[in-house]
Amino acid sequence: MLHKVIPFLFFKAALAFTLITVSSHSYAELKKEVANFPEHSTARSYGSGWTCNKGYREINNTCTAVIIPTNAYPTNKTYGSGWECKRGFLEVDKTCNLINIPANGYLDHSGDRVKCNRGYLLSDKSCHAINIPENGFLDVSTYGPGWNCERGYRADKDMCLEIKLPENAHLDYSGNNWECDRQYHKYREKCVLPDNS
C-alpha cells in the first residue's frame, strides 16, 4: 500500500511546485508589463497590453485626456470625439447646446430631437396646433398636414370634400377615392362597360 501512496505524494508535490513557479513567473512578467503601461491606463481584461482609462484616448502610445465640453460625458469609444452630449443637449461646433423645447413639445426617446404633442405639428422650431377641417380627424403620420379625411371625403387643400360617386362606382379601400364596380372601368369621371368607352 505504501508503494502506491509515495509516488502519488511525489506527483502532487511536483505539480504544486510547477504551479507556483509558473504563477510566480507570470506574475513577475505581468508586474513588469504593468510598469511599462502609460499613465491613466489599465491592463486589458483579455489578452495582453493596455487600454486607456475612461476620459483618455491613446495618442502615440500615451493616454491623453479627452477635452470634454460642459454638458457632456466621456464615452471611452475608440472612434469619434470621445464624448457625447447629455440628454437635452445637441452637439454644435464641439460644444453641447441646450435644445429649446417649445410649448406643446417634448424630447423624443433619443434625447436630442424635439417632437410635438398630439394635435400639434413642428414648424419653424415651434409646435403649432393642427387645424382639423370639418369631416377630418387627427392623423398619426409624422408628415403631411397632421389630419386626414373621414371615409367618403377627399382632402382638397385645407378642406375635406365629399366624394361624389358616379353610377356603378363605390368607395375604394382607402375610403378617400372611388373605383368602378366589377365589369365596369373608369373612363373620364364615369364608370362604363368596356364597349361604351
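Assorted remarks:
- Complete set of residues in region 45-78 that are farther than 28 Å from residue 98 by Cβ and touching a Cys at 6+ places or on another chain (Cβ under 6 Å): 52, 58, 63
- The strands (runs of 3 or more DSSP E) found wholly in region 1-84 include none carrying at least 3 residues that are surrounded by 14 or more Cβ atoms within 10 Å (Cβ to Cβ), under 31 Å from the mean Cα position of the chain (by Cα) and at pLDDT below 65.
- Within region 112-159, being surrounded by 14 or more Cβ atoms within 10 Å (Cβ to Cβ), under 21 Å from the mean Cα position of the chain (by Cα) and not β-branched (Val, Ile, Thr) holds for 112, 115, 116, 122.
- Restricting attention to region 147-188, the residues that are of a type in the set (Asp, Glu) and either farther than 30 Å from residue 128 by Cβ or in contact with a helix residue (DSSP H, G or I) (Cβ under 8 Å, 6 or more places away or on another chain) (or both) total 4.
- Scope region 134-148; condition in a strand (DSSP E or B) and hydrophobic (A, V, I, L, M, F, W, C); matching residues: 137, 138, 147
- Picking from residues in region 171-197 that are out of contact with any Cys (no Cβ under 9 Å at 6 or more places or on another chain) and on the phi > 0 side of the Ramachandran plot, the one that is surrounded by the fewest Cβ atoms within 10 Å (Cβ to Cβ) is 188.
- Test: residue 143 is without any contact (Cβ under 8 Å) to a residue 60 or more places away in the chain, among the hydroxyl-bearing types (Ser, Thr, Tyr) and under 30 Å from residue 41 (Cα atoms): no
- Qualifying positions in region 89-118 - of a type in the set (Gly, Ala, Ser) and touching a strand residue (DSSP E or B) at 6+ places or on another chain (Cβ under 6 Å): 105
- Qualifying residue in region 86-96 (condition: at pLDDT below 90, more than 23 Å from residue 64 (Cα to Cα) and part of a loop (DSSP other than H, G, I, E, B)): no
The values are calculated or read from the model by the stated rules, or taken from the named source; none is laboratory data. From a predicted model like this one, the values you see are computed outputs, not experimental measurements. For neighbour counting, all protein chains shown are included, and Cβ atoms are generated from backbone atoms with ideal geometry for every residue, glycine included.
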